[in-house]
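To start, the structure under review is shown below, and the notes come after it.
The values are calculated or read from the model by the stated rules, or taken from the named source; none is laboratory data. Since this is a predicted model, take the numbers as computed values, not measurements. Backbone-built Cβ (ideal geometry, glycine too); neighbour counts: all protein chains shown.
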Amino acid sequence: DAGITQSPRHKVTETGTPVTLRCHQTENHRYMYWYRQDPGHGLRLIHYSYGVKDTDKGEVSDGYSVSRSKTEDFLLTLESATSSQTSVYFCAISDTALLNYGYTFGSGTRLTVV
Amino acid sequence: GEDVEQSLFLSVREGDSSVINCTYTDSSSTYLYWYKQEPGAGLQLLTYIFSNMDMKQDQRLTVLLNKKDKHLSLRIADTQTGDSAIYFCAEKSGATNKLIFGTGTLLAVQP
């Protein structure tokens, strides 16, 4: 998917455990985003980054933290996983705030919290 | 606040035209997009339209934009079974400079 890789692709974890999802890009794009996709809600923005060490909250950030120590990697951490965080998580990248080409998405991580 | 609305489901027969509709609320949006999501995959950009256009055609796809009514539509001509997917409408927020997505429309194409 245009140089964007998410890992793992699938994960099952227990309630209360921390979980980290990784987004890796080889496009040298400045902007990176984490979304979750749930039936009936579409895509909702969790956190985003506009550069190394520069991150900000999206509309559903509670229970999530992010880090971006280098351009190519954007990590999403669920500090203490809950069943409500069972979802499909997508990472996206863009190289400009113009967004005339929109975002490029990864293939997603399906997370199940039991 | 900003909101993007789509109907949840559309069923068509192979060979017919499909029209997927979307309404949005941000009148300052500069770009509007259509994404396609196939099962188990991420979202792929199908097409986009700049807000000063009212129509854009790309092979079987036609995008119509009515800025006055804040209505966007995607027409797929000669719909094929491979077009079965979820289609997301998105707008570029004038306030936050990020994309706001609709809930997605599941297009089912019957052979």
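Kindly list the number of the only condition in (1) outside any strand (DSSP E or B); (2) under 14 Å from the mean Cα position of the chain (by Cα) that fails for B:G15.
(2)
B:L74 passes all but one of (1) assigned to a loop (DSSP other than H, G, I, E, B); (2) over 13 Å from B:S11 (Cβ atoms); which number fails?
All conditions are met except number (1).
Filter segment B:66-111 down to residues that are at positive phi and more than 14 Å from chain A (Cβ to nearest Cβ) and give me whichever is modelled with the highest pLDDT.
B:D78
This table checks each residue for (1) surrounded by 21 or more Cβ atoms within 10 Å (Cβ to Cβ); (2) assigned to a strand (DSSP E or B); (3) modelled with pLDDT of 95 or more.
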residue	(1), (2), (3)
A:V66	yes, yes, yes
A:S69	no, yes, yes
A:S80	no, no, yes
A:S84	no, no, yes
A:Y89	yes, yes, yes
A:L98	no, no, no
A:Y101	no, no, no
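For B:L61, state whether it is within 28 Å of A:C91 (Cβ to Cβ), modelled with pLDDT of 95 or more, in contact with a strand residue (DSSP E or B) (Cβ under 6 Å, 6 or more places away or on another chain) and surrounded by fewer than 20 Cβ atoms within 10 Å (Cβ to Cβ).
On the way: within 28 Å of A:C91 (Cβ to Cβ): yes; modelled with pLDDT of 95 or more: yes; in contact with a strand residue (DSSP E or B) (Cβ under 6 Å, 6 or more places away or on another chain): yes; surrounded by fewer than 20 Cβ atoms within 10 Å (Cβ to Cβ): yes.
It is true that B:L61 is within 28 Å of A:C91 (Cβ to Cβ), modelled with pLDDT of 95 or more, in contact with a strand residue (DSSP E or B) (Cβ under 6 Å, 6 or more places away or on another chain) and surrounded by fewer than 20 Cβ atoms within 10 Å (Cβ to Cβ).
Which of the residues belonging to segment B:71-108 are over 30 Å from A:R30 (Cα atoms), touching a Ser or Thr at 6+ places or on another chain (Cβ under 6 Å) and among the charged types (D, E, K, R)?
Scanning segment B:71-108 gives a single hit, B:R75.
When B:G15 is evaluated against the numbered criteria (1) of a type outside the set (S, T, Y); (2) more than 8 Å from chain A (Cβ to nearest Cβ); (3) touching a Leu at 6+ places or on another chain (Cβ under 9 Å), which criterion, by number, is the only one it fails?
Exception for B:G15: condition (3).
Name every residue in segment B:33-52 that is more than 8 Å from chain A (Cβ to nearest Cβ) and among the hydroxyl-bearing types (S, T, Y), in order of residue number.
B:T47, B:S51
Scan segment B:44-68 for residues that are in a strand (DSSP E or B) and touching a residue at least 40 places away in the same chain (Cβ under 8 Å) and jot them down.
Filtering segment B:44-68 down to residues in a strand (DSSP E or B) leaves B:44-50, B:55-58, B:61-66.
Result: B:L46, single match.
If you check A:T109 against the conditions, is it of a type in the set (S, T, N, Q), within 10 Å of the chain's Cα centre (by Cα) and within 14 Å of chain B (Cβ to nearest Cβ)?
Yes: the conditions hold for A:T109.
Any idea which residue in segment A:47-64 is surrounded by the most Cβ atoms within 10 Å (Cβ to Cβ), counting only those that are under 23 Å from A:T17 (Cα atoms) and either away from every other protein chain (no Cβ under 14 Å) or in contact (Cβ under 8 Å) with a residue 40 or more places away in the chain (or both)?
A:Y64
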